[in-house]
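Notes follow once the structure below has been shown.
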Amino acid sequence: MRFRHTLILVVVALALGGVALLLERQEPHPSPDSAAVPTPLPELLRVNEGAITDVILERTATDQRTHLVRRTVEDWYLLEPDIEPDAAGEVDVFQVLNFLETLAVLRPRRVLTGTLDLAEYGLAPAALEVTLHEEDGTTHQMRLGAMNADFSAYYVLLGDEEEGASYTIYLVPSYVGVEIERLLDTPPVQGSNDIWANGNLHELEEGETPNIVEP
């Protein structure tokens, strides 16, 4: 009788263990790769890079401009600065398209909103401006101010931001501002010895090395 009672208990224990195992298998277990990550911010400009008709880069302190205009998708010409085509060569389309691709996928690292003093972020006025026009007349404008404390990002204000007490300021990776500065200092043309120095276009003599002084 005692043996029978023991056998019944063993059977019940096995049954309960099987049910527990079945429930455990059905319950999802988070994997190490499924750890929660912050949702990335949306693209800043949301431009259609294939529809861009012209690109204007400006350094506001000196009114220095690089203005590129598209003839076809792979045919651009330099409208400003005014360089003789024979001396400057053809526009380096790869540089232009690479820059547009960078802007098309650009996402801010952080967003600041509220009552903000633009001067504290170098945005009154901005140091650099980027203006893009699309075929349908859409205009995209981005104004870059100062860099943050660790020089990893620029403070940016979009062109459609109206003057007021409240603003939205974005932090974008510093390489964007560096590329804009480069395209201003050295317009993207092939085989050109021309370079910006002190806000003026200067053609380097043979053997001369560039000595650029920031304006």
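What the table shows:
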| item | result |
| --- | --- |
| Selection count, segment 179-202, where residues are aliphatic (A, V, I, L, M) and at pLDDT below 75 | 3 |
| Segment 49-70, residues that are within 18 Å of the chain's Cα centre (by Cα) and loosely packed, with under 14 Cβ neighbours inside 10 Å | Gly50 |
| Neighbours by Cβ (under 7 Å, 6+ apart or cross-chain): first from segment 66-88, more than 13 Å from Ala51 (Cα to Cα) and aliphatic (A, V, I, L, M); second part of a helix (DSSP H, G or I) and modelled with pLDDT of 90 or more | Leu68/Val96 |
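Every residue, every condition in (1) surrounded by 11 or more Cβ atoms within 10 Å (Cβ to Cβ); (2) at pLDDT below 95; (3) assigned to a helix (DSSP H, G or I), yes or no:
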position	(1), (2), (3)
Asp82	no, yes, no
Ala87	yes, yes, yes
Asn98	yes, yes, yes
Glu101	yes, yes, yes
Arg107	yes, yes, no
Thr113	no, yes, no
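Table: residues versus (1) part of a loop (DSSP other than H, G, I, E, B); (2) modelled with pLDDT under 95; (3) within 29 Å of Asp82 (Cβ to Cβ).
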{"position": "Ala146", "(1), (2), (3)": "no, no, no"}
{"position": "Tyr155", "(1), (2), (3)": "no, no, no"}
{"position": "Asp160", "(1), (2), (3)": "yes, yes, no"}
{"position": "Ile169", "(1), (2), (3)": "no, yes, no"}
{"position": "Gly177", "(1), (2), (3)": "no, no, yes"}
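The values are calculated or read from the model by the stated rules, or taken from the named source; none is laboratory data. All of these numbers come straight from a predicted model, not from anything done at the bench. As a convention, Cβ positions derive from the backbone with ideal geometry for all residues, glycine included, and neighbour counts pool all protein chains shown.
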